[in-house]
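Have a look at the structure below before the remarks.
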Amino acid sequence: MFRDRRILWVIPALAILSLTVGCGGGKEEVTAAELDQKADQICREEQVKFRQIQVTPPANASEAAEQTKQLIQAAESASSAIDDLAPPDALREALDIYLGARDRAVDQMKQGQDAAENQDSRAYGTAQAAVAKTASQRKKLADSLGFKVCSSNAGAV
């Protein structure tokens, strides 16, 4: 009877372990071509979100802060989705550099959000200009990976 009780403990433990391992949560292994296709689709969706968010220019600092917050969320979501792709080793470093450039742009956007919340139009403009100034660098990094859509729109990250 004692052995039967141990089995009752082992079965649920194995079931939980298999679910944990099965769900993985790891990165999706992709080929170079799949990386290009999937990243470009993610960026295409990001650009659509950016256009939707920016359809109406903000009328005041509060609206600018809220709009910037939404843009940051869209950019971070896209970056996270791209980072979930595991490219061939030869592309990993280039992808990390590209994602780092995107992260720096998001950091500038966060500074802009803070400035808008503080009604500091000068700092808000400076942050926007910093994001725009580094757009060509992000585009070059995206191009080096074979991305066609990512960082191709000046209005997105």
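You will find that of 136, 152, the residue that is outside any helix (DSSP H, G or I), within 30 Å of residue 60 (Cα to Cα) and over 15 Å from the mean Cα position of the chain (by Cα) is 152 and no other.
Matching residues to (1) of a type outside the set (Phe, Trp, Tyr); (2) assigned to a loop (DSSP other than H, G, I, E, B); (3) at pLDDT 60 or above; (4) surrounded by 10 or more Cβ atoms within 10 Å (Cβ to Cβ):
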{"residue": "6", "(1), (2), (3), (4)": "yes, no, no, no"}
{"residue": "10", "(1), (2), (3), (4)": "yes, no, no, yes"}
{"residue": "14", "(1), (2), (3), (4)": "yes, no, no, yes"}
{"residue": "17", "(1), (2), (3), (4)": "yes, no, no, yes"}
{"residue": "33", "(1), (2), (3), (4)": "yes, no, yes, no"}
{"residue": "37", "(1), (2), (3), (4)": "yes, no, yes, yes"}
{"residue": "40", "(1), (2), (3), (4)": "yes, no, yes, yes"}
{"residue": "44", "(1), (2), (3), (4)": "yes, no, yes, yes"}
{"residue": "52", "(1), (2), (3), (4)": "yes, no, yes, yes"}
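List pairs: first residue in region 94-106 and within 15 Å of residue 127 (Cα to Cα), second residue acidic (Asp, Glu) anywhere in the structure, Cβ distance under 7 angstrom, at least six positions apart or on different chains. Filtered contacts from region 94-106: 106/76.
Scanning region 76-97 for residues that are touching a Lys or Arg at 6+ places or on another chain (Cβ under 7 Å) and either of a type in the set (Ser, Thr, Tyr) or part of a helix (DSSP H, G or I) (or both) yields one hit, 79. For region 121-133, the candidate set comprises residues that are free of Cβ contacts under 8 Å to residues at least 24 places away in the same chain and within 17 Å of residue 58 (Cβ to Cβ); within that set, the residue that is surrounded by the most Cβ atoms within 10 Å (Cβ to Cβ) is 127.
The condition of being of a type in the set (Gly, Ala, Ser), part of a helix (DSSP H, G or I) and over 14 Å from the mean Cα position of the chain (by Cα) holds for residue 112.
Determine, yes or no, whether residue 95 is modelled with pLDDT of 95 or more, on the phi < 0 side of the Ramachandran plot and in contact with a Pro (Cβ under 9 Å, 6 or more places away or on another chain). Against the criterion (modelled with pLDDT of 95 or more, on the phi < 0 side of the Ramachandran plot and in contact with a Pro (Cβ under 9 Å, 6 or more places away or on another chain)), residue 95 qualifies. Being of a type in the set (Asp, Glu), touching a residue at least 60 places away in the same chain (Cβ under 8 Å) and under 26 Å from residue 115 (Cβ atoms) is the requirement here; does residue 46 meet it? Yes.
Cβ-Cβ contacts under 7 Å between residues 6 or more apart (or on different chains), taken from a first residue in region 51-74 that is over 18 Å from residue 131 (Cβ atoms) to a second residue that is at pLDDT 95 or above and of a type in the set (D, E, K, R), are absent.
The values are calculated or read from the model by the stated rules, or taken from the named source; none is laboratory data. Note that the structure is predicted; figures quoted are calculated from it, not measured. Cβ coordinates were reconstructed from backbone atoms using ideal geometry, including for glycine residues, and neighbour counts include every protein chain displayed.
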